[in-house]
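The values are calculated or read from the model by the stated rules, or taken from the named source; none is laboratory data. On a predicted model such as this, the values are computed, not experimentally measured, just so you know. Ideal geometry is used to build each Cβ from the backbone, glycine not excepted, and the neighbour counts take in all protein chains shown. Protein only, heavy atoms only, side chains kept; ligands, DNA and RNA dropped before computing areas. Shrake-Rupley method; radii C 1.70, N 1.55, O 1.52, S 1.80 Å.
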Amino acid sequence: MKDQLFAAPIDQLGDFCFDEKVVEVFPDMIQRSVPGYSNILSAIGMMTARFAQPGSNLYDLGCSLGAATQMMRRNVPHTDCQIIGIDNSAPMVERCRQHLAAYKSSVSVEIRQDDIQNVAIENASVVVLNFTLQFIEPAERLTLLKRIYNGLRPGGILILSEKFRFEDAEVSDLLVELHLDFKRANGYSELEISQKRTMLENVLRADSIELHKQRLQQAGFEHIDLWFQCFNFGSIVAIKDKEANA
Ligand SMILES: C[S@@+](CC[C@H](N)C(=O)[O-])C[C@H]1O[C@@H](n2cnc3c(N)ncnc32)[C@H](O)[C@@H]1O
Ligand SMILES: O=C(O)C(=O)C[C@]1(C(=O)O)C=C[C@@H](O)C=C1
């Protein structure tokens, strides 16, 4: 269904949240709002094929409707892996389970409704945070990344996709404007763009690429770099060294 949630004037612009209305239009919303979204999903599949270890867990943290979960399920080369998708939005989880049940697979998938800050991460070889960390309280982000690092097997990977902030005002203005052009080209009106922007202000707090890299290093990751960027959106890989203590 087409995202028209912000098309009419809204009296009181509250905070954006992942409620039933958003769930209904989410695939269209994210595709038309995030430049490079499909490329990132394809690459999550490719990286799963390379990094999934036999008998390990694969996590999709903030799985929404399971787009990344499905890519992982399609590409995981070992049937004894367990895929775990977690989201704290009840309507997302309900719809996600329906979507996944529509396809048969020999790999087991479990979708849990929980806060990703509370769930145990263990025996993992692939962890995905696809546009989710940006919604976590900034002061809590390092703790979560440390738990991910500790839950990964040596040689395991975290794929972290985010909206980024840029320190240089000139560059920031350019990349934000290009993102707005992308939304306009995808049919969003100025009103839709500005109302959603206001509603996201207190909820989505973007960090710079530099801050993300520093934080991942602090969390313990030995190998870190940006592998994709389109305007102010992108994705980082963080790998636990093969020789790291398990
Ligand atoms: C932008 S969406 C993620 C998109 C999805 N990963 C994909 O690839 O299509 C962010 C998701 O994170 C979830 N989320 C935000 N904070 C969370 C938390 N603390 N625990 C679990 N899920 C959370 C939201 O409910 C939402 O579904
Ligand atoms: O629309 C925007 O400007 C966004 O920031 C896109 C964004 C995201 O990055 O998560 C925000 C909320 C929706 O979940 C879909 C996409």
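The single condition from (1) under 17 Å from Gln98 (Cβ atoms); (2) within 10 Å of ligand 2 (Cβ to nearest atom); (3) modelled with pLDDT of 95 or more that Phe18 fails is (3). Scanning region 80-134 for residues that are of a type in the set (Asp, Glu), over 25 Å from Gln31 (Cβ atoms) and part of a strand (DSSP E or B) gives a single hit, Glu110. If the condition is being assigned to a loop (DSSP other than H, G, I, E, B) and touching a strand residue (DSSP E or B) at 6+ places or on another chain (Cβ under 8 Å), then region 135-175 contributes only Arg165. Within the set Met46, Met72, the sole residue that is assigned to a helix (DSSP H, G or I), open to solvent by less than 10 Å² (accessible area, probe 1.4 Å) and modelled with pLDDT of 95 or more turns out to be Met72.
Within this structure, Ile83 passes the test of being under 18 Å from the mean Cα position of the chain (by Cα), away from ligand 1 (no atom under 13 Å from the Cβ) and closer than 16 Å to Asn130 by Cα. For the residues Leu129, Leu65, Leu142, the requirement of being in contact (Cβ under 8 Å) with a residue 12 or more places away in the chain, more than 23 Å from Glu20 (Cβ to Cβ), near ligand 1 (Cβ under 9 Å from one of its atoms) and not β-branched (Val, Ile, Thr) singles out Leu129.
Residues in region 129-188 that are at pLDDT 95 or above, among the small types (Gly, Ala, Ser) and either open to solvent by 40 Å² or more (accessible area, probe 1.4 Å) or over 30 Å from Cys81 (Cβ atoms) (or both): Ala139, Ala169, Ser172, Ala185. In region 219-228, of all residues being surrounded by fewer than 19 Cβ atoms within 10 Å (Cβ to Cβ) and in contact (Cβ under 8 Å) with a residue 24 or more places away in the chain, the one that is farthest from the chain's Cα centre (by Cα) corresponds to Gly220.
When Asn118, Asn75 are checked against the criterion of being more than 17 Å from the chain's Cα centre (by Cα), closer than 21 Å to Leu145 by Cβ and without any contact (Cβ under 8 Å) to a residue 60 or more places away in the chain, Asn118 stands alone in meeting it. Before we move on, is Arg32 part of a helix (DSSP H, G or I), in contact (Cβ under 8 Å) with a residue 24 or more places away in the chain and open to solvent by 30 Å² or more (accessible area, probe 1.4 Å)? No; evaluated as a whole, the condition is false for this residue.
Exactly one residue out of Ile40, Ile10 is within 9 Å of ligand 1 (Cβ to nearest atom) and touching a residue at least 60 places away in the same chain (Cβ under 8 Å), and it is Ile40.
Looking only at residues of region 53-66 that are open to solvent by 10 Å² or more (accessible area, probe 1.4 Å) and over 10 Å from the mean Cα position of the chain (by Cα), we find that the one that is nearest to Ile148 (Cα to Cα) is Asn57.
Scan region 17-28 for residues that are near ligand 1 (Cβ under 9 Å from one of its atoms) and either open to solvent by less than 30 Å² (accessible area, probe 1.4 Å) or farther than 28 Å from Glu94 by Cβ (or both) and jot them down. Those that are near ligand 1 (Cβ under 9 Å from one of its atoms) and either open to solvent by less than 30 Å² (accessible area, probe 1.4 Å) or farther than 28 Å from Glu94 by Cβ (or both): Val22, Val23, Phe26. Scanning region 189-214 for residues that are free of Cβ contacts under 8 Å to residues at least 60 places away in the same chain and small (Gly, Ala, Ser), we see that the one that is most open to solvent (accessible area, probe 1.4 Å) is Ser194.
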